[in-house]
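Single-structure report; data block below.
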Amino acid sequence: MSFDWTAIEQEAQKEINQASSGEAIEALRIKYLGRQGLLAEITGSISALSASERPEFGKKANYLKNKLTRFLEERVSQLKEKESQDLETFDLTLPGEPIPQIGTRHPITQTIQEITAIFSKLGFVTVEGPEVENEYNNFSGLNIPLDHPSRDAFDTFYLKPETRNQKPVTRKERFLLRSHTSPVQIRVMKEHKPPLAVIVPGKVYRPDAVDASHSFVFHQIEGFLVDQEVSFADLKGTLTAFAQRLFGEKIQMRFRPHFFPFTEPSAEVDISCMLCKRNQKPVTRNQEKKCSVCGGKGWLEILGCGMIHPNVFANVGYPKDKYSGFAFGMGIERIAMLKYGINDIRLFFENDLRFLRQF
Ligand code: DAH
């Protein structure tokens, strides 16, 4: 039996020097020096030799074993050295690998956070209320009369009363999906005495047919401030500061008299159109064309507001004539649509990633 000892040695050396990891070296150790490896195979064949051939063969096998062992050890220490050199020359100040973005906040969430952040700087705290509300907080407490059209079942989602207890259900016990965030005024004022400055974001529900500008569920932000001697000027100043931060310093505000049962006096607030800007600077010929955002009116309605009605203070048990305050409410989808130039409210609820990834 004869082996090409030199060829085996050279082949093994080449293979070992190409190994680039601890695992690869271990695999080669097993291949050559393992219990069923090449060297074991070679030494196993010694029994086929004559007694005179054996010493020479044994010497060569032993020599090969020592060589392979050394090759493996040398490669291990080469790799270790390379590793520590890599660490020494590694620049820790390099910027990290970017983490792939796997999601973003929904544009409605972003808009809520932006609005609450502005009011937070003005000293308002954020409070949330339940989406299932009782009829008193949603209507009666807010001075909304029994015959008000918004109480109609066509305009509010009423929940079926529990049929287990057979007692007739009073209005106070009836539940509904809140149709606005204003009932949180009642909840907070019942629990806390002024001074209060509160902002309330959340979902509201109305049985409207869905189209480009209506949805049966949408979001509102309610705000209110109660203290002694709060005036309409405080309301105007607060809302102007807010709108200028959200839409830009140059924005103009317009307060139009309006009616809400829970405020007196009440107003609707418009901001000057941020697209055609016709109320921000002299009208040029170009701007006389119909604007796609304001339709050429130059004003965009963004919220309702007013001075909190004395009946509301009475309903929460505040002493007569002691406090005054203002309240306002706005639709978040509408603000987000104006801010980002979105023309269909349904886009917010369809979860189409092609839309959501743009924010
Ligand atoms: N709750 C009203 C709505 O849903 C919005 C609103 C108007 C809230 C005037 C107010 C307010 O607090 O003063 O249409």
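The values are calculated or read from the model by the stated rules, or taken from the named source; none is laboratory data. Only a predicted model underlies this, so the values are computations on that prediction, with no experimental measurement involved. Ideal geometry is used to build each Cβ from the backbone, glycine not excepted, and the neighbour counts take in all protein chains shown. Ligands, DNA and RNA are stripped out before the accessible areas are found, and what is left, the full protein with its side chains, is counted by its heavy atoms. Shrake-Rupley method; radii C 1.70, N 1.55, O 1.52, S 1.80 Å.
Tell me the residue from L235, L275, L225 that is at pLDDT below 95 and either out of contact with any Phe, Trp or Tyr (no Cβ under 7 Å at 6 or more places or on another chain) or farther than 26 Å from G296 by Cβ (or both), please.
L275
Among the listed residues I342, I271, identify the single one that is under 22 Å from I108 (Cα atoms) and open to solvent by less than 10 Å² (accessible area, probe 1.4 Å).
Checking each option against the conditions leaves just I271.
Among (1) at pLDDT 95 or above; (2) out of contact with any helix residue (DSSP H, G or I) (no Cβ under 9 Å at 6 or more places or on another chain); (3) open to solvent by 80 Å² or more (accessible area, probe 1.4 Å), which single condition is R187 missing?
(2)
Only residues that are under 19 Å from I46 (Cβ atoms) and open to solvent by 90 Å² or more (accessible area, probe 1.4 Å): list them for region 1-23, please.
The answer is M1, S2, D4.
Restricting attention to region 187-210, report how many residues are free of Cβ contacts under 8 Å to residues at least 24 places away in the same chain and either within 14 Å of the ligand (Cβ to nearest atom) or part of a strand (DSSP E or B) (or both).
1
Among (1) touching a helix residue (DSSP H, G or I) at 6+ places or on another chain (Cβ under 7 Å); (2) modelled with pLDDT of 90 or more, where does R171 come up short?
So R171 meets the others, but not (2).
Yes/no matrix, rows are residues, columns are (1) modelled with pLDDT under 95; (2) within 18 Å of V217 (Cα to Cα); (3) buried (at least 16 other Cβ atoms within 10 Å of the Cβ):
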residue: I118; (1), (2), (3): no, no, yes
residue: V125; (1), (2), (3): no, no, no
residue: E133; (1), (2), (3): no, yes, yes
residue: G141; (1), (2), (3): no, no, yes
residue: I144; (1), (2), (3): no, no, yes
residue: P161; (1), (2), (3): yes, no, no
residue: Q166; (1), (2), (3): yes, no, no
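Return a yes/no flag: does region 68-76 have any residue that is free of Cβ contacts under 8 Å to residues at least 60 places away in the same chain, over 15 Å from W5 (Cα atoms) and under 50 Å from the mean Cα position of the chain (by Cα).
Scanning region 68-76 turns up at least one residue that is free of Cβ contacts under 8 Å to residues at least 60 places away in the same chain, over 15 Å from W5 (Cα atoms) and under 50 Å from the mean Cα position of the chain (by Cα).
Looking only at region 179-204, which residues are among the charged types (D, E, K, R) and more than 20 Å from L122 (Cα to Cα)?
R187, K190, E191, K203
Scan G331, G248, G304 and give me the residue that is within 12 Å of the ligand (Cβ to nearest atom), open to solvent by less than 50 Å² (accessible area, probe 1.4 Å), assigned by TED's automatic domain parsing to the domain that holds K190 and within 30 Å of Q101 (Cα to Cα).
Just one listed residue meets the conditions, G331.
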